[in-house]
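Worksheet for the structure shown next.
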Amino acid sequence: MKLSVIGLGKLGLCTAAYLASRGFKVAGYDINETLTDQLRNGFNPIEEPDLDELLITAKPNLTICNNLHEAVIDSDTTLIIVPTPSRDDGFFSNDYVKDVLCSVGTALSEKTSYHVVDVVSTVMPGSCEQEFIPMLETSARKSCGTDFGFVYNPEFIALGTVIKDFSRPDMVLIGASDERAAETVAKIYGQACLNSPPIYTMSLTNAEIGKLALNCFVTMKISFANELARICEKTPGADVDAVTSAIGQDTRIGNKYLTGGMGFGGPCFPRDNIALSAFANSIGHDPRLSPATQQVNQQVVDVLEEKIKANVSPGARITLLGMAYKSGSPIIEASQSMELANRLLERRYRLTVSDPTALVNVQRVLGERVCYEEDVYCACEGANAVVLLAPWPQYRRIDWAKADRQVSKGTLLLDCWRMAPESELNNFHCHALGKGSRK
């Protein structure tokens, strides 16, 4: 089976490379000519674990095309993986998807064989049936379900583990216009995946809602853990980790995403919550859980800001450890750490920031307003407060005795993930979020 992948960004390139590595003939296309030129010249512009090695394996089967028409004509199934940025009203914009579909439809008008169009990009409920299929039928002058098939097939991956998540998904979600289209995409995953995941086939609308629902449920779980952390923190002798590790053993709950910490951020979770609320409002339903999830997530930053204000005066030096929206990624989009940094700068604190991979991205945003330090111990030196924001493996290996020697007596340490050994610290005044005071 020949595939085409339109959109070679963080997700699209990983998808194209992985499918090519599994034996599919893949034609990739992106409107960004700089990116495609780099790929043709053997340079990988996307930072994602294992992608460099995967591109080498994929090379015999992966072609970077000069135009979209060429990619579609020479394939049986087209995967569309382009941005759907959020609008001011919370809905996702379909503009990029529709631009691609217009060109895909033109290519389909020249084909005589059955072709499947698979939209992977996250879209609002109703988009496929109300916008995408009518547009394709008009531009292709063909009938969906007869001359071509249409599928909405969102992926459930996380930046930093895209390839692992794609190769061994918990499940595959396929919304399809017809049975043949569904079977075609199911066959692709059957060959591509290493773990024979369950495949759920449903209507296009159900798949659109399902994508948002899954992400919003995960964020609700994260916010529950963080609200529980606030409760434990105000209860003498309580420890959120003891509580969540126990309740997570119940199969009705599970322990994934059930750790009190910095909350959620990044390019998907926050906007999916907002989008689901916006959609609910648009159909006359007043949503409660999604807005509450967002509110609890915002309170994580509020709590940190208030603790710093209560203990350290403006003008003091604050060190922030971990600026990406999560460990394992250089992405700072919708990062709680970046939100905290901006708030502290507004209050005239002097900041030193550190992160294993995200400093280049941070510098593009914060510029010369902060100091940058890769070495954790240098970052701590002379700080009036240190905030441990991300549970990077590197931070779990910090020599705290050494870090303790870099600061003065009474320096505040806000430990969002309860990683520092409080009893071994002499100079740091440690406050572990989610743990109540000792009785």
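Spatial offset of region 105-129 relative to region 203-248 amounts to 35 Å, using the alpha carbon center of each. Amide H to amide H distances under 5 Å link His429 with Gly410, Thr411, Leu412, Leu413, where only residues 5 or more positions off or on other chains count and H is placed in the peptide plane. The equivalent ellipsoid that matches the C-alpha gyration tensor of region 2-202 spans semi-axes of 24, 19, 18 angstrom, in descending order.
Does region 90-198 come out rounded, prolate or oblate, given a ≥ b ≥ c as the square roots of the eigenvalues of its C-alpha gyration tensor, rounded meaning a/c under 1.5 and, failing that, prolate meaning a/b above b/c? Provide the component values of the computation, followed by the final result.
Details: a/c = 2.21, a/b = 1.43, b/c = 1.54.
Oblate is the answer for region 90-198, as a/c is 1.5 or above yet b/c matches or exceeds a/b.
Any idea what the dipole of region 2-202 comes to, in debye rounded to 20, about its Cα centre with Lys/Arg Cβ at +1 and Asp/Glu Cβ at -1? Display every interim value, and only then the final one.
Details: 15 positive and 27 negative charges, 104 e Å.
That gives region 2-202 a dipole magnitude of about 500 debye.
Rounded to the nearest whole Hz, the Karplus-based 3J(HN,Hα) values (6.51 cos²θ - 1.76 cosθ + 1.60, θ = phi - 60°) of region 355-370 follow the sequence 6, x, 9, 9, 4, 4, 5, 5, 4, 4, 9, 8, x, 8, 6, 10, with x at glycine and proline. Considering only Ala207, Ser196, Ala186, the residue lying farthest towards the positive end of the dipole of region 152-227 is Ser196, judged by Cα position with unit charges set on Cβ. For region 2-202, the residue among Leu62, Gly42, Ser127 whose Cα projects farthest onto the positive side of the dipole built from Cβ charges is Leu62.
Highest mean first, the peptides 338-348, 148-158, 38-48 sorted by other C-beta atoms within 10 Å per residue fall in the order 148-158, 338-348, 38-48.
On full extension of the chain, what length is gained from Arg180 through Asn311, given 0.36 nm per residue of separation minus the C-alpha to C-alpha distance? Don't skip to the end; give the middle numbers.
Details: separation 131, 0.36 × 131 = 47.16 nm, distance 6.37 nm.
Going from the current span to full extension adds 40.8 nm.
With the helix formula -39500 (n - 2.57) applied to DSSP H stretches of n ≥ 4, the chain reaches a computed 222 nm mean residue ellipticity of -12500 deg cm²/dmol.
Of all lysines in the structure, those lying under 18 Å Cα to Cα from Lys2, and not within fewer than 8 positions of it along the same chain, are Lys25, Lys59, Lys111, Lys187.
Suppose every Lys and Arg Cβ carries +1 and every Asp and Glu Cβ carries -1, with no other charges. What dipole size does region 288-439 come out with about its Cα centre, to the nearest 20 debye? Let's see the in-between values first.
Numbers: 20 positive and 17 negative charges, 92 e Å.
Its charge dipole is roughly 440 debye.
Each of (1) 1.02; (2) 0.95; (3) 1.05 is a candidate for Rg/Rh (Cα atoms, Kirkwood Rh); the one calculated from this structure is (1).
For the listed peptides 276-283, 402-409, 124-131, a ranking on the average number of other beta carbons within 10 Å per residue, highest first, reads 124-131, 276-283, 402-409. Helix 204-233 axis versus longest C-alpha principal axis of the chain: approximately 10°, rounded to the nearest ten. Spin-label model, Asp89 to Tyr377: label points 7 Å out along the Cα-to-beta-carbon direction sit 5.7 nm apart.
Read-outs: derived from the displayed coordinates by stated rules, not from any lab. Please read all numbers here as calculations on a predicted model, not as lab measurements. Glycine also receives a Cβ, built like all others from the backbone with ideal geometry; neighbour counts cover every protein chain displayed.
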